[in-house]
Amino acid sequence: MAARITTDDVAHVARLARLELTDEELVLYTEQLAGILAHADDVASLDTAGVPATAHPLPLQNVLRDDVVRPSIDRDEVLAAAPAVEDRRFRVPAILGEAP
Amino acid sequence: MTTAQQIADAVRAGERSASEVLEEHLAVIDEREGDVHAFNLVMRDEARAAAVAVDAGDRTGALAGVPVALKDNLCTRGIPTTCSSRILEGWRPPYDATVVARLAAAGAVFVGKTNLDEFAMGSSTENSAFGPTRNPHDLDRVPGGSSGGSAAAVAAGFAPLALGSDTGGSIRQPAALCGVVGLKPTYGLVSRYGLVAFASSLDQIGPFAATVADAALLLEVIAGHDPLDSTSLDRPLPPLVSGLGDGVEGLRVGVLTELVHAEGIAPDVRRRVEAAAEALADAGAKVDEASVPAASFGLSAYYLIAPAEASSNLARYDGVRYGLRVDAENTAEMNAATRTAGFGPEVKRRIMLGTYALSAGYYDAYYGKAQQVRTLIIRDFAAAYDSFDVLLCPTSPTTAFRLGDKTADPMSMYLNDVCTIPSNLAGDPAISVPFGAGDDGLPVGVQLLGPALSEATLLRTAAVLEGALQ
């Protein structure tokens, strides 16, 4: 059984997931996640020694398509949905902290 | 109510026009949609143009002229696809989902995009950023979720057919609560190309219909191998509609003990399952008790696996390529500001839960363990299917609950899925079919489960239950 999730843990995963939480949200989510994880403890405490993990219901290996050229999604149609575009590319704000 | 099959037959025979059929359904939408809110978008103009094309003989096929509603997490080229999330509000996909293309090729007339819990995360459709859908049987009650809009659209007569997606019960539970038929196919039977991903190893698209035969008809159109989905099964689908009347003589039906007696199953729902077992026995099935011990751990395993996959899948919403962007000084801050403003509380909760379950120090205890439990569930089902052809249990623990009843406590909402989740973890098909009413007079659905690719058996068993009510 894992230790109870703390506000520090939740603040950490929120940062990893690129989510900003208010102080109130941090407390509320910690309480809710603790409740859900408590329910999951019946799984965490189960003896599963030697049982293989299932990541996927189908026993599929690599699936390859024939190496032939075919039309792909229209570039202009894709770019038309973007929040910002420049020179037919996605435009984003500064990445490394330089002036935009 | 006119069935999809009747509409298709009448349009094909020239007895009715597709436009006339469509206008009848639009009239029902005009009358009740204000109360029900099944749709994020009613596609009046597109639907009228499609119906005219059918009437001109330009569009033919098994569903020519049949109105169909699409869950709003299925990509429709040039038509807004929101997943009921602010983060995708106004997004127009540059391509059609394979199921959408197949339905269009079969002549279907799309009437609208249906409401859902944001990114299909929920069991009541209350997690929609655009307001809840209400149950057509009682507007104070939820329609279930996450495909609540699709279930309500069929129940209200807005369309005879609808598509939903089912990750942990999101087709079957709303079907049960709205009194319609809902089927989750075998994983890989229906292409997921163009279905906005929630938990990729669990997600599957499936049909809603008012009758079992219509559900079979719709599934026949959308099923089949698709090279655009690498998890699509490359196997021929057995015919579904033609065997519907074959009955259940000699069929081995197991009443699934662990789920009939699971936490929170209401006595009136349990009585309907017992009545269904009797109806199947009366029809010649051999009914006995069945046990799938690991199914008891399904809910816990699911609420680790599904959020883990979701946390990864939803990383793509970063304000760069499509959807919402909230501007900030640099890209990292823009990503966070966009996601914070664009996602609702339940989506944030699951992203954080999944991130936690996958994080260093907790991976083995949570995600790894849940994946092992998934193996145990698959093994226990396989053992049960040595002795049984079909398993029977409730779909939802209760009839439709009131709006707001379960929104404060996530765990109470999650418990709605206790009977539906095991099939997703196993990748097996399951169907919910209406079987009478609970003590409150609201619909009860019973659920039939079978091994992979047993859809034909599930449908003909469901047809026997449907017939037993009449």
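Output the residues belonging to region A:42-58 that are of a type outside the set (Gly, Ala, Ser) and in contact with a helix residue (DSSP H, G or I) (Cβ under 8 Å, 6 or more places away or on another chain). Listed by number, the residues that qualify are A:42, A:43, A:46, A:48, A:51, A:52, A:54, A:57. Suppose the filter is on the phi > 0 side of the Ramachandran plot, touching a residue at least 60 places away in the same chain (Cβ under 8 Å) and surrounded by 24 or more Cβ atoms within 10 Å (Cβ to Cβ); does residue B:131 pass it? When the stated conditions are applied, residue B:131 does not pass them. The single residue among B:287, B:347, B:292 that is open to solvent by less than 20 Å² (accessible area, probe 1.4 Å) and away from every other protein chain (no Cβ under 14 Å) turns out to be B:292.
Restricting the first member to region B:423-435 and to residues that are more than 13 Å from chain A (Cβ to nearest Cβ), and the second to residues that are open to solvent by 10 Å² or more (accessible area, probe 1.4 Å) and among the acidic types (Asp, Glu), the beta-carbon pairs closer than 9 Å and six or more apart or on different chains are B:433/B:466; B:434/B:466; B:435/B:466. As a summary of the residue check, residue B:274 satisfies the conditions (1) closer than 25 Å to residue B:386 by Cα; (2) in contact with a helix residue (DSSP H, G or I) (Cβ under 8 Å, 6 or more places away or on another chain) except for the one numbered (2). Where helices (runs of 4 or more DSSP H) fall entirely within region B:386-470, those with at least 1 residues that are within 20 Å of residue B:292 (Cα to Cα) are at B:421-426, B:455-469. Screening chain A for helices (runs of 4 or more DSSP H) wholly inside it with 1 or more residues that are open to solvent by less than 70 Å² (accessible area, probe 1.4 Å), touching a residue at least 40 places away in the same chain (Cβ under 8 Å) and within 7 Å of another protein chain (Cβ to nearest Cβ) returns the ranges A:23-44. Which ones in region B:306-336 are open to solvent by less than 20 Å² (accessible area, probe 1.4 Å), in a loop (DSSP other than H, G, I, E, B) and more than 8 Å from chain A (Cβ to nearest Cβ)? The one that is open to solvent by less than 20 Å² (accessible area, probe 1.4 Å), in a loop (DSSP other than H, G, I, E, B) and more than 8 Å from chain A (Cβ to nearest Cβ): B:317. Residues that are under 24 Å from residue A:7 (Cβ atoms), part of a loop (DSSP other than H, G, I, E, B) and at pLDDT 95 or above occur in region B:339-352; there is at least one. Within the set B:177, B:256, the sole residue that is farther than 21 Å from residue B:427 by Cβ, open to solvent by less than 20 Å² (accessible area, probe 1.4 Å) and touching a helix residue (DSSP H, G or I) at 6+ places or on another chain (Cβ under 8 Å) turns out to be B:177.
Just one of the numbered conditions (1) closer than 30 Å to residue B:285 by Cα; (2) buried (at least 19 other Cβ atoms within 10 Å of the Cβ) is not true of residue B:387: (2). Exactly one residue out of B:248, B:221, B:269, B:196 is in contact with a strand residue (DSSP E or B) (Cβ under 7 Å, 6 or more places away or on another chain) and open to solvent by less than 50 Å² (accessible area, probe 1.4 Å): that is B:269.
The values are calculated or read from the model by the stated rules, or taken from the named source; none is laboratory data. These figures come from a predicted structure and were not determined experimentally. Positions of Cβ are backbone-derived with ideal geometry, glycine not excepted, and every protein chain shown enters the neighbour counts. When the accessible area is computed, the model is the full protein with side chains, heavy atoms only, and any ligands, DNA or RNA have been set aside. Shrake-Rupley method; radii C 1.70, N 1.55, O 1.52, S 1.80 Å.
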